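Written below as structure tokens is the structure these notes are about.
The values are calculated or read from the model by the stated rules, or taken from the named source; none is laboratory data. These numbers come from a predicted model, not from an experiment. Reconstructed Cβ throughout: ideal geometry from the backbone, glycine too, with neighbour counts over all protein chains shown. Areas reflect the complete protein model, heavy atoms only, side chains present, ligands, DNA and RNA absent. Shrake-Rupley method; radii C 1.70, N 1.55, O 1.52, S 1.80 Å.
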Amino acid sequence: QPDAPSFYRKSNNRQLDNLSYMALLDDAIFISNPVIGIVQRLTSIGTYANEYNLPSGTFQPLGLCLENDRTMYIVDAGKNAVRVFNKEGHLERSLESELNDPRAVAAAGGHVYVLDAAGIKVFDRKGAFMGAKAAGVFKDPRNIYLSNGHLLVADFGNAQVQILDAGDFSVKKVIKENLVS
């Protein structure tokens with residue numbers, strides 16, 4: 001419940017009830033909960049470690065990713081933004097320009113890829129908008145993942161996963177077979 005005192009929000013059971021997105025780094029699991037408005041960090045055995053939220057109390061986190069330097073990018077769907085937290089867990093900046101219903105984020109190699117309703121928006125690591133890519137390629141996209149120079153996009157509305165080259169955004173492969181929901 002959004003109006004619950006903060007000490008009730010730090011419950012592993014409560015967080016897992018509304019599991020939306022998660023990310024892994026080293027021995028930690030990061031879980032996003034848009035209902036309560038927090039991202040929790042749990043140890044690999046499920047013990048609560050800390051949480052990420054905004055002081056204003058209006059945080060609707062969706063997709064998230066971490067870079068090896070422990071910079072965390074969290075989509076804030078309520079504000080059409082991506083919040084960037086430093087390795088100490090403090091809000092460093094927000095990416096807001098040109099976003100249209102952001103859903104997920106991936107980052108590596110100096111680039112931040114934000115998946116939104118219109119396609120993929122690319123930012124540099126400092127937050128400067130670099131351009132819109134893959135416009136009109138997806139129908140109701142839900143998540144994005146970056147691996148070995150490729151962007152994997154959960155193209156939910158088309159019941160497929162599309163694999164794009166992270167450099168030129170060309171579609172390299174479409175996976176449709178054996179997907180359920």
Check: FRET efficiency for Ser97 and Thr71, Cβ-Cβ distance as r, R0 = 22 Å, nearest 0.05?
Finding: 0.70
Note to self: Using the Karplus curve 6.51 cos²θ - 1.76 cosθ + 1.60 with θ = phi - 60°, what ³J(HN,Hα) values do you get for each residue of the stretch 35-44, in whole Hz, with x for Gly and Pro?
What the structure shows: 5, 7, x, 9, 10, 9, 10, 10, 6, 5
Margin query: Exposed loop sites here are trypsin sites (Lys or Arg not before Pro) in DSSP loop states with at most 11 other C-beta atoms within 10 Å. What is the longest stretch of the chain lacking them?
Written below: 1-125
Notebook entry, point to check: Longest segment of the chain with no GluC sites (Glu not before Pro) in a DSSP loop having at most 11 other Cβ atoms within 10 Å?
Noted result: 89-176
Next item on the list: Take the Cβ-Cβ distance between Phe156 and Asp26 as r, set R0 to 35 Å, and report the resulting FRET efficiency rounded to the nearest 0.05.
Entry: 0.75
Checklist line | Accessible heavy-atom area order of Val180, Val112, Val35, Val137, highest first, probe of 1.4 Å | finding: Val180, Val35, Val137, Val112
Checklist line | Structure-derived semi-axes √(5λ) of the Cα gyration tensor in Å: which label, when the choices are (i) 32, 21, 13; (ii) 29, 18, 15; (iii) 27, 18, 16 | finding: (iii)
Next item on the list: Mind scanning Lys133/Lys176; Lys87/Lys121; Lys87/Lys172; Lys126/Lys176 and naming the pairs with a C-alpha gap bigger than 32 Å?
Entry: Lys87/Lys172; Lys126/Lys176
